[in-house]
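As structure tokens, the structure follows; a few thoughts come after it.
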Amino acid sequence: MEAKPSREVLKSCRILGLELEKLSKKSIVRAWKDQMCATPPVHPDLGGEEEAAVILNNAKDVLLGWIDGGGPDTPSPGANSPSPSPVPLGNEATASVFDPDEQAG
């Protein structure tokens with residue numbers, strides 16, 4: 001990690017409560033899991049809010065990309081990049097995203 005960390009990397013460290021100098025894949029994943037399953041939980045399946053989960057997922061992806069050497073803001077391969085505005089996942093919302101005409105009738 002010779003390159004200077006970007007603001008996004010530093011912000012991601014703060015979000016997950018990690019120190020840049022002590023980053024490892026294990027510490028990133030552990031911090032992410034701890035926060036996703038904390039009390040109250042962040043993970044939407046456990047009653048948390050989707051927006052908070054997106055923020056944690058993005059922070060994890062940025063840091064994993066950073067330590068993998070892909071650059072300061074490059075998510076690790078296969079990482080899900082969050083959409084700028086999350087779409088509700090109910091049947092009506094997903095139907096309108098995939099087939100707008102389905103909602104009309």
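Read the figures in this text as sums done on the coordinates, not as results from a lab. All of these numbers come straight from a predicted model, not from anything done at the bench. Cβ: placed from backbone, ideal geometry, glycine included. Neighbour counts: every protein chain shown.
Using the 2.2 N^0.38 Å rule of thumb for compact globular proteins, work out how segment 1-71 stacks up: its C-alpha Rg over that value, please. Can you show the working numbers first?
On the way: Rg = 12.2 Å, N = 71, 2.2 N^0.38 = 11.1 Å.
Expressed relative to 2.2 N^0.38 Å, the Cα Rg reads 1.10.
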Practice problem: Could you work out how far apart the two model spin labels at ARG30 and SER6 are, taking each label as a point 7 Å from the Cα in the direction of the beta carbon, and quote it in nm? | Solution: 2.7 nm
Exercise. Output ³J(HN,Hα) for segment 56-62: one whole-Hz value per residue in order, computed from phi by the Karplus curve 6.51 cos²θ - 1.76 cosθ + 1.60 with θ = phi - 60°, and x for Gly and Pro.
Key: 5, 4, 5, 4, 4, 5, 4
